[in-house]
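Written out below as structure tokens is the structure these notes cover.
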């Protein structure tokens, strides 16, 4: 991207994959500089969302995948009874919409939990580009594999664990994902509500609060409103029995899969 | 913890200013009218979403009084006509319903308080209805483990009232006495016998109320050291768990009813301080612990215990044992503290009615605290409750360097150190026994808004 302009173009800077701090988690991982430049050409910036704004709805035509740049997103489906079932929470560097490739329609609804921004990648252009850049193709496989693996983790989480193990695993998972983003692994603000945590983990709201209280009483964590401080990390990790690789989702970039 | 307290008259005279009492920081003066219904609903939602939402503290303002006490600076409605209570209570019930819809019902009500005015102005049936409605809307404790208190006027209560209040779930009472001296009582239009007070206290003891609190005021007309000493002696005989001795501030321009007080009857500044000195000496000699500001408590009272354990806090009723509640204030002029926000209800019943009819939370002003406010509130609360401040704890909680952040404040505190109010080094502030009575002045150093106002005043004076 040679330019004769001397004026610094902030919008170009923002969208640049090469400069993005999330590049190692996202599509550009492992690509050569000229390949990243090609990728940047097809990426579009979309309007940032405020809390409660929708990114896409279930049933919407699938046209692009989204990479979270900042904020936090929840994905859910509405059951036949009209209830919301949360499928997952998405943090920066994570991709949304890959599950719609098959049906060409989105199969879940995504909504911002806080002010969030995204990059959008038109899927047909991405497919074309993959044919030219084998490294990109491979990275997409890896990201999809990450999704599959994450789904497996969720099933294990929901099927096998006690309420206490579920919450501990949830916190350790979140901690690891934030750590990969360069944030503190031991002190973070929960972007989601206790109702949403309960919905996701299949626990009642009262149980969620009871377990958090107990973890605090046992001096594993300290809670100040939505701020969580993990004070006994070894112990809380040891509570996540069954799926030791619970942080796998976050460690894809480091090649743990 | 400090139990020793030195009364230094020179120092107190030198630092004598009318300053905030820091029942909130920032103080209500900073509340902004742009804070409204939507802000309140939003902050209630945010607190419901916390992994472990805080328990609730409910305050109910019952503004009616059948007679007027001339010293009073409370928001009240003086009327002999008891019928006035019913329409107000109807509105209060509406607010209770509205508020309860904003807060998750697994949030237990740990604290509850009826204040006034005179809460016992309303009839026994009205009391029953009010508590029953509150219970139907919120999750009240029913095992006597909550801290449920009421302000009582012994002239408006008897053993039957106490029995009723006990059956409704109250387990703490706060009695207005002010002074037993007949001349003082006459001068402030509050004639109240020792017998009335004793009857109420006896009944409270019989029903195993956990704490009996008595309010006194010094600086009232006709008061002398000797007369107040006699009152104190009678108070000690009644054996309350807590005693507050408030300073009367004569501000007839702001509080019109105070015009009824003859200024020449007021004790002079020096006499007032002598009264205060006697209060402190006498109460500590009688085994009461000085909690802070104007509060004393028996060493086994929960307030003294909370102070020992470092969990004491300050709220709109003074000192309190529950630091971690979200406070919902209901009724006219009531103040709420939910999440990082303060808000206050409208003062007039007409406005109250209009807001409720429109389905809006009846607040007219409030404030969302920013990081600096939260930090300063933490500092002020620590100082006013515990008379000492450990910088490291504050630094860990607010991610600042104390000595850098409060560079200007520290230089002012160094002046106070020279005056003997406190000691300060690079790690902590410790209020000295002589500084305890001036802890408000020490807190005021950290009050950004007060200092801004003072700077503006100085500026306009010098120009």
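May I have the extent of the alpha carbons of the protein assembly as shown along their three principal axes, as whole Å values ordered from largest to smallest?
Taking the Cα atoms of the protein assembly as shown, the three principal extents are 100, 58, 49 Å.
So what is the relative contact order of the stretch A:162-241, in percent, for Cα pairs below 8 Å that sit 6 or more residues apart?
Relative contact order of the stretch A:162-241: 39 percent.
Please compute, for peptide B:50-61, the average count of beta-carbon atoms on other protein chains lying within 10 Å of each residue's beta-carbon.
Numbers: counts 10, 20, 12, 5, 1, 0, 0, 0, 0, 0, 0, 0.
If you average over the peptide's residues, the count of other-chain Cβ atoms is 4.
Given just the C-alpha atoms of chain A, how large is their convex hull per residue in cubic angstrom?
Taking only Cα atoms, chain A has a hull volume of 137 Å³ per residue.
Provide the convex hull volume over Cα atoms per residue for chain B, in Å³.
152
Write down the Å³ per residue value for the convex hull defined by the alpha carbon atoms of the stretch B:43-195. If you can, show how the numbers build up before the last one.
On the way: hull volume 18.4 nm³, N = 153.
Dividing the Cα hull volume of the stretch B:43-195 by its residues yields 120 Å³.
If you project the alpha carbons of the stretch B:251-319 onto the principal axes, what extent comes out on each, in Å, largest first?
44, 28, 14
Which value results when the Cα radius of gyration for the stretch A:111-223 is divided by 2.2 N^0.38 Å? It would help to have the intermediate numbers written out before the result.
Values: Rg = 17.8 Å, N = 113, 2.2 N^0.38 = 13.3 Å.
That works out to 1.34 for the stretch A:111-223.
With an 8 Å cut-off on Cα pairs and a minimum separation of 6 or more residues, tell me the relative contact order of chain A in percent. Display every interim value, and only then the final one.
On the way: 402 pairs, mean separation 48.4, N = 257.
With pairs under 8 Å counted, the relative contact order is 19 percent.
What's the long-distance tail for the stretch B:1-114, i.e. % of Cα pairs beyond 16 Å?
78
Based on Cα coordinates alone, diagonalise the gyration tensor for the stretch B:346-388, multiply each eigenvalue by 5, take square roots, and list the semi-axes in whole Å, largest first.
Numbers: eigenvalues 244, 32, 8 Å².
Each semi-axis is the square root of five times an eigenvalue, giving 35, 13, 6 Å.
Taking the Cβ of each residue in B:235, B:400 as the centre, tally the other Cβ atoms inside 10 Å and list the residues starting with the fewest. Intermediate values should be presented prior to the final figure.
Working: B:235 22, B:400 16.
Starting with the residue having the fewest Cβ neighbours, the order is B:400, B:235.
Please compute, for peptide A:138-149, the average count of beta-carbon atoms on other protein chains lying within 10 Å of each residue's beta-carbon.
Taking all residues of A:138-149 together, the mean is 0.
Working out 0.36 nm times the residue gap between residue B:349 and residue B:397, then minus their Cα-Cα distance, what length gain in nm do you get to one decimal?
Working: separation 48, 0.36 × 48 = 17.28 nm, distance 4.11 nm.
Between residue B:349 and residue B:397, full extension yields 13.2 nm more.
Find the eigenvalues of the gyration tensor of the Cα atoms of the stretch A:10-147, then list the square roots of 5 times those eigenvalues as equivalent ellipsoid semi-axes, largest first, in whole angstrom. Let's see the in-between values first.
Working: eigenvalues 131, 59, 30 Å².
Listed largest to smallest, the semi-axes of the stretch A:10-147 are 26, 17, 12 Å.
Tell me what the protein assembly as shown gives for mean residue ellipticity at 222 nm when only DSSP H runs of n ≥ 4 count, each as -39,500 (n - 2.57), the sum divided by the residue total, rounded to 500 deg cm²/dmol.
-12000 deg cm²/dmol
Considering all projection directions equally, how large on average is the shadow of the alpha-carbon convex hull of the stretch A:168-212, in square nanometres?
Convex hull of Cα atoms, orientation-averaged projection: 3.0 nm².
Only counting other Cβ atoms within 10 Å, I'd like B:437, A:220, A:158 sorted with the fewest neighbours first.
A:158, A:220, B:437
Mind putting together the pair-distance distribution for the stretch A:162-241? All Cα pairs, 5 Å bins, whole percent per bin, short to long.
Percent of Cα pairs in each bin: 3, 16, 28, 30, 18, 4, 0.
Could you please rank B:97, A:186, B:426, placing first whichever residue has the fewest other Cβ atoms within 10 Å of its Cβ?
Values: B:97 13, A:186 16, B:426 8.
In order of increasing Cβ crowding within 10 Å: B:426, B:97, A:186.
Can you tell me the orientation of helix A:205-217 relative to chain A, as the angle in degrees between its alpha-carbon axis and the longest Cα principal axis, to the nearest 10?
80
For the Cα atoms of chain A, what angle does the longest principal axis make with the long axis of helix A:123-132, in degrees from 0 to 90, nearest 10?
For A:123-132 against chain A, the angle is about 70 degrees.
Relative to 2.2 N^0.38 Å, what does the C-alpha radius of gyration of the stretch B:371-462 come to as a ratio? Two decimals please.
1.07
When only Cα pairs under 8 Å and 6 or more residues apart are kept, what is the percent relative contact order across the stretch B:371-462? Before the final figure, lay out each step's value.
Numbers: 81 pairs, mean separation 25.9, N = 92.
That works out to 28 percent.
Give me a single rounded figure for B:264-271: the average over its residues of other chain Cβ atoms within 10 Å of their Cβ.
Whole-number average of other-chain Cβ neighbours for B:264-271 is 0.
Compute the long axis of helix A:163-180 from its Cα atoms, compare it with the longest principal axis of the Cα atoms of chain A, and write down the angle in degrees, 0 to 90, nearest 10.
Helix A:163-180 and the main axis of chain A meet at about 30 degrees.
Computed from the coordinates by the stated procedures, all read-outs in this text should not be read as laboratory data. Every value quoted in this text rests on a predicted model; they were computed, and no experiment measured them. Cβ: placed from backbone, ideal geometry, glycine included. Neighbour counts: every protein chain shown.
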